[in-house]
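Enquirer: After the C-alpha cells below, expect a handful of questions from me.
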Amino acid sequence: PTCFEQSEDVGGLWRYRDQAEEGRASIYRTVFTNSCKEMMCYPDFPFPDDHPNYMHNTRLQHYICKYAKHFNLLRHIHFKTLVIKVKKCADFSVTGQWEVVTQRDGKEETAVFDAVMVCSGHHVYPNLPINDFPGIQKFKGCYFHSREYKEPEKFRGKKVLVIGLGNSGSDIAVELSTVASQVYLSSRSGSWVMSRVWDSGYPWDMLVITRFQTWLGNILPRALSDWLYVRGMNRSFKHENFGLMPLDRTSRKEPVFNDDLPGRIACGVVVMKPNVKEFRETSVLFQDGTVQDDIDVVVFATGYSYSYPFMEDHSIIKSRDNQVTLYKGIIPPQLEKPTMAVIGLVQSLGPIIPTADLQCRWAVKVFQGQCILPPVSEMMDDIDEKMGKKVKWYGNSTTLQTDYITYMDELASPIGVKPNVLKLLLTDPRLALEIFFGPCTPYQYRLVGPGKWSGARKAILTQWDRTLR
C-alpha cells in the first residue's frame with residue numbers, strides 16, 4: 001500500500017496545531033475523546049493500562065504514532081504530499097485502475113494504482129451558513145467558524161454567542177464561560193446531552209453499546225423503545241427545564257457529550273437561546289422575540305460539509321442529488337469495477353477507529369474479489385432501504401448516522417470475522433456472555449477469521465480491569 005499524507009506526521013484530526021491549516025481538520029487545545037479507550041482502540045492494539053478512560057488529543061495522537069511504528073507503517077507513507085487529482089484510467093472498465101496526481105515540493109507526479117481508498121475524513125471544510133442569518137453583514141462584532149477557535153483567553157470579559165449545540169459548540173461555550181462575562185448558546189433544534197461518566201461512574205459507552213441493548217432495541221415495539229430512550233436520556237436531568245430538549249424527542253441523532261454544560265446553565269454563566277432570527281449592529285434577535293444587546297463575538301459551531309476536491313468526477317461519490325451514495329457507506333455503487341472505497345464517512349454512536357478499521361478490512365476483501373458485491377440495482381435498493389431507516393430513526397436523510405453494532409456486524413459477516421455467540425455459548429460460555437452482555441469492544445472482531453489476533457480473547461476478559469485502572 002502507498003499512503004499520501006498532506007502534513008508531516010500521522011494523526012489527522014488529532015494532530016493539534018496552534019493555527020487552522022488549509023485543507024486539514026482543526027481542533028481546539030482542550031479536545032478530549034468522547035469514546036473511552038477500551039471502545040476506541042485499534043482491535044489488535046489496546047491502549048496501555050495507565051492511560052485514562054477518556055484521553056486528551058495529545059495522548060491519542062501519541063497512541064496513533066505508536067500504532068504506526070509497532071506495525072511498521074511509516075515506510076508506506078509519503079508525507080508532505082498533496083493529492084491533486086484522482087481519475088479513472090482510460091481503460092478503467094477493463095482494469096479498474098486509477099490515475100493519481102500528487103504534488104510534493106512544488107513538483108507533480110502521476111502514478112497508476114489498482115485501487116484507491118479515500119480516507120480524508122469529514123471535518124475539513126467548515127459549513128458556515130451565512131445566508132441563513134439575516135443582517136450578519138451589518139453586525140459590528142467579530143464572527144468566525146469554530147474550526148478557527150483554539151483557546152479562550154482572548155475572549156476574557158466579552159459577551160459571546162455560540163451558535164450550534166453539537167459537541168464543539170457545547171465544549172466551546174463551557175470553556176468560554178470561565179473567562180467571558182456572559183455566554184449565550186443558541187440551538188435550532190435542541191439535543192440530548194450525555195455525560196461521559198455513566199451509572200456507578202463507568203464510561204457511558206461500556207454500558208450503552210452492548211449486543212444485548214441492540215437486540216432489545218430491535219425487538220421492542222417502537223413506542224416502548226422510544227419511551228425507554230427518552231427516560232434514559234433524562235436520567236440525570238430533565239432536558240426541557242434546561243432549554244435543551246430536542247424538538248424531535250425520539251430522534252436518535254447523536255447526543256452531545258458534555259459533563260459540565262448542565263452545571264454551567266444552572267450557574268447562569270451559559271444561557272440557552274433558540275435559533276437566531278436576525279443580527280443587528282451590536283445585538284441579536286432570537287426566534288422567541290428576545291433581544292440580546294452588546295454581543296461582542298459570535299462563534300459558528302455549525303459543523304462541516306464533506307468535499308473531495310481531488311476527485312475529477314464528483315458524481316462518483318455523490319451520485320444522487322449531490323448526496324453521498326455509497327454501498328455499505330463505502331463503495332460507490334455505479335463503478336464498472338469496485339476499486340474505490342471511501343473510509344470513515346459514517347457516524348454512529350460508536351467510535352470511529354474500529355469502524356474505519358473494519359471498513360478497510362471489508363474493502364480490501366472486495367478489492368481482492370473475495371467479497372462479491374451484488375448487482376447495481378440491489379446495491380441501490382440497499383442504500384434506499386437504509387435511507388428510509390435513517391429518516392425513521394435520525395430524522396434526516398443527509399445524516400451519516402448509523403447504528404454501531406448493526407453496521408459493524410454487517411461488514412464483519414461477509415468477511416468471516418463476526419463472533420458467533422451461540423457457538424461460543426457451547427465452547428466458551430464465559431467469553432460468550434461477556435460478548436453479548438458486555439461492551440461491544442473492537443477485540444470482538446479479531447477473535448476469528450482472516451486477521452484474527454491471538455490476544456483478542458484475553459483483551460475481552462480483562463477489559464473491565466483496564467477500565468478500573
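Enquirer: With a/c under 1.5 counting as rounded, go ahead and sort the range 150-202 into rounded, prolate or oblate using the C-alpha gyration tensor (a ≥ b ≥ c being the square roots of the eigenvalues; past the cut-off, prolate if a/b is larger than b/c, else oblate).
Expert: The shape class here is oblate.
Enquirer: For the chain, what does the accessible surface come to per residue with a 1.4 Å probe? Please give it in Å².
Expert: 48 Å²
Enquirer: If the only charges are +1 at each Lys and Arg Cβ and -1 at each Asp and Glu Cβ, what is the size of the charge dipole of the range 211-252 around the Cα centre, to the nearest 20 debye?
Expert: 140 debye
Enquirer: By its C-alpha gyration tensor, with a ≥ b ≥ c as the square roots of the eigenvalues, how is the range 101-219 shaped: rounded for a/c under 1.5, else prolate for a/b larger than b/c, else oblate?
Expert: oblate
Enquirer: Can you work out ³J(HN,Hα) from phi for every residue in the range 148-153, in order, using Karplus 6.51 cos²θ - 1.76 cosθ + 1.60 and θ = phi - 60°, giving whole Hz and x for Gly and Pro?
Expert: Couplings: 7, 6, 10, 8, x, 3 Hz.
Enquirer: Calculate the spin-label point distance for His70 paired with Ile372, positioning each point 7 Å from the Cα along the beta-carbon direction, and give it in nanometres.
Expert: 3.7 nm
Enquirer: Computed FRET efficiency, Cβ-Cβ of Glu108 and Lys337, R0 35 Å: what is it to the nearest 0.05?
Expert: So, using R0 = 35 Å, E works out to roughly 0.85.
Enquirer: Now, a different point. Scale the Cα Rg of the chain by the rule-of-thumb value 2.2 N^0.38 Å and send over the ratio, two decimals.
Expert: Against the compact-globule rule of thumb, the ratio is 1.01.
Enquirer: Measure off 7 Å from each Cα along the Cα-to-Cβ vector at Asp259 and Glu281, then give the distance between these two points in nanometres to one decimal.
Expert: 4.5 nm
Enquirer: Continuing with the same structure: If you average the C-alpha positions of the range 99-113 and of the range 32-47 separately, how far apart do those two centres end up, in angstrom?
Expert: The two parts, judged by their Cα centres, are 34 Å apart.
Enquirer: Which FRET efficiency value, to the nearest 0.05, is calculated for Ser195 and Lys452 with the Förster distance at 41 angstrom and r the Cβ-Cβ distance?
Expert: Result of the calculation: an efficiency of 0.70.
Enquirer: Another question about this same structure. Which value, in Å² rounded to 10, gives the accessible area of Ser236 with a 1.4 Å probe and all protein chains present?
Expert: 90 Å²
Enquirer: With the Cα gyration tensor of the range 421-469 in hand, give its eigenvalues times 5 under a square root as the equivalent ellipsoid semi-axes, listed largest first in whole angstrom.
Expert: Three semi-axes, in Å: 17, 14, 9.
Enquirer: From the square roots a ≥ b ≥ c of the eigenvalues of the alpha-carbon gyration tensor of the range 1-154, which class results: rounded (a/c under 1.5), prolate (a/b over b/c), or oblate?
Expert: Since a/c reaches 1.5 but b/c is at least a/b, the shape of the range 1-154 is classed as oblate.
Enquirer: Relative to the compact-globule scaling 2.2 N^0.38 Å, provide the ratio for the alpha-carbon radius of gyration of the range 275-337.
Expert: The value comes to 1.91.
Enquirer: Something else about it: Excluding Gln287 itself, calculate the net charge of residues whose Cβ lies under 13 Å from the Cβ of Gln287, where each Lys or Arg counts +1 and each Asp or Glu counts -1.
Expert: 0
Enquirer: Using 0.36 nm times the number of residues separating Arg156 and Asn127, minus their current alpha carbon distance, what extension gain do you get?
Expert: Result: 7.8 nm gained on full extension.
Enquirer: Using protein chains only and a probe of 1.4 angstrom, how many square angstrom of Lys107 are accessible, to the nearest 10?
Expert: Its heavy atoms expose roughly 140 Å² to the probe.
Enquirer: Also, quick follow-up: What is the packing order of peptides 376-387, 339-350, 46-57, taking the mean over residues of other C-beta atoms within 10 Å and listing the highest first?
Expert: Packing proxy ranking, top to bottom: 339-350, 46-57, 376-387.
Enquirer: A further question on this structure: Report the FRET efficiency, 1/(1 + (r/R0)^6), for Leu207 and Thr58, where r is their Cβ-Cβ distance and R0 is 35 Å, rounded to 0.05.
Expert: The value I calculate is 0.80.
The values are calculated or read from the model by the stated rules, or taken from the named source; none is laboratory data. Quick caveat, the model's predicted, so the values are computed rather than measured. Here Cβ is always computed from backbone atoms with ideal geometry, including for glycine, and neighbour counts include all displayed protein chains. All accessible areas refer to the heavy atoms of the entire protein, side chains included, with ligands and DNA or RNA removed. Shrake-Rupley method; radii C 1.70, N 1.55, O 1.52, S 1.80 Å.
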